[in-house]
Amino acid sequence: MPIFPKNENTKLTATLLITYSADDIKAIKESLKEMGIKKAKTNLKAQTVKICFNADSLAVSDILNKLKEAGFVAIVAETGCIGSREGCLNAVHLLK
């Protein structure tokens, strides 16, 4: 089992692939905001949402489930990992 640094503010980034229209952007951002995600950058043309979140209190699966509740199907395209609760989704560890 890998050993990760203890940090109360471990920030991770993830890019989610979501099929959405321009009218859906507000609903997506509201759903993410309810979870405490303050930064969400949408790219309508690429159908992605890039987020930054605190991995000590939130898991990627929580985010995907919340979006599902809001009526969206999302998958993870890419994630930055510094040891999240559920482990690394892309096997790239940025340990210092």
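Largest accessible area first, the listed residues Glu69, Glu78 line up as Glu69, Glu78 when surface is computed with a 1.4 Å probe on the assembled protein chains. Each residue of the range 20-26 was assigned a 3J(HN,Hα) from its phi angle through the Karplus expression (A = 6.51, B = -1.76, C = 1.60, θ = phi - 60°), giving 8, 10, 4, 5, 8, 4, 4 Hz with x at Gly and Pro.
When you count the other C-beta atoms within 10 angstrom of each residue and take the mean per peptide, 29-38, 50-59 line up highest first as 50-59, 29-38.
The values are calculated or read from the model by the stated rules, or taken from the named source; none is laboratory data. Everything numeric here is computed off the predicted structure, so don't read it as measured data. Because the Cβ atoms are built from the backbone with ideal geometry, glycine has one as well, and the counts that use them run over all protein chains shown. Accessible surface is based on the protein model in full, side chains and every heavy atom, while ligands, DNA and RNA are left aside. Shrake-Rupley method; radii C 1.70, N 1.55, O 1.52, S 1.80 Å.
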